[in-house]
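Below you'll find the structure, written out as structure tokens, and then a few comments.
Derivation of every value follows stated rules applied to the coordinates shown; laboratory data play no part. Everything numeric here is computed off the predicted structure, so don't read it as measured data. Please note: Cβ atoms are built from the backbone with ideal geometry, for glycine as well, and neighbour counts cover all protein chains shown.
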Amino acid sequence: MNNQRYMNTAAVDQAVFDQGLRAYMLGVYNYMTTALAVTGLTAFGTKMLTVSDAGLTPLGVMLYTTPLHWVVALAPLGMVFWLSARLHAMSVGKAQGLFYAFAALMGVSLSAVLIAYTGESVARAFFITAGAFAGLSLYGYTTKRNLAPLGAFLVIGVVGLLLAMIVNMFIGSTGFDLLICVGGVLIFAGLTAYDTQAIKLMYLASDSRSAMAKKSIHGALRLYLDFINMFMFLLQLIGNRE
């Protein structure tokens, strides 16, 4: 009788845990999807304001041909480091607002992509990325394999990728650029699976609602960056320029 009672209690506890985990992961994906929508709409809106039939508008000239271009390009990088470091100390409302502000800033930065590449190329790269991301994230969520060793290798790969990109800025090798794009797609594809598993393991049933919401935002930020980077490298690999 005692064994049966213990088994029933354990089953109930597991069911409650699974339900909480699903709600937590759904929050992660909802935040991420909303942020991608904000980025896409902001990028499209910025393009509309900066490009006309006659060419660049005065705003477009300022954004893309002056030193402000570097501010717009690098600002999201600085903001993501700051947000990652400070998110735990913020209120949930402030974390949400800053996360979406970052997504909008990223949209302004990526508006140049909509100008440089054909709409068909952008759409093709986006849907391929979305399909690959869904499969890889599902694998990371369901696999029993410990992906932590893979994560350490991929982080080293990201550092190597950044160094290779800096070097290629000076040598301008087309072949090297192709290798960088292929490597970027593979590295961020792997990080999608790894980060999904890591985000899943962050869940604690004992967390307060505030702590869980901030974990969801942090997880969404990680997956958002994986998606954006995989999309960008894939677009450079298969995209057709205007």
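Assorted remarks:
- Between Ile115 and Val92, the simple spin-label model (points 7 angstrom out along Cα→Cβ) gives 4.0 nm.
- Cα Rg, Dmax (largest Cα-Cα span) when computed across the stretch 154-242, Å: 16.5, 53
- Summed over qualifying helices (DSSP H, 4 residues or more, each -39500 (n - 2.57)) and divided by its residue number, the chain shows a 222 nm mean residue ellipticity of -30500 deg cm²/dmol.
- Max-minus-min Cα coordinates of the stretch 122-163 on each principal axis give 33, 32, 7 Å, with the largest extent listed first.
- Stretch gain in nm, segment Ala85-Ala211, where the contour uses 0.36 nm per residue and the Cα spacing is subtracted: 43.8 nm
- Summarised in one figure, the compactness ratio Rg/Rh of the chain, Cα atoms and Kirkwood Rh, is 1.04.
- Positive minus negative residues near Gly184 (Lys, Arg vs Asp, Glu; Cβ under 15 Å): -2
- Extended-chain gain in nm, criterion 0.36 nm per residue less alpha-carbon gap, Ile166 and Thr57: 36.2 nm
- For the chain, the residue among Leu36, Met48, Asn146 whose Cα projects farthest onto the positive side of the dipole built from Cβ charges is Asn146.
- Projected label points at Thr34 and Ala134, each 7 Å from Cα along the beta carbon direction, are separated by 2.2 nanometres.
- Descending semi-axes in whole angstrom, ellipsoid equivalent of the stretch 14-142, from the Cα gyration tensor: 33, 20, 11
- Shown for the chain are the DSSP H helices of 27 Å or more along their axis, judged by Cα atoms, with a mean Kyte-Doolittle hydropathy of at least 0.5: 92-116, 119-142, 148-171, 174-201, 209-238.
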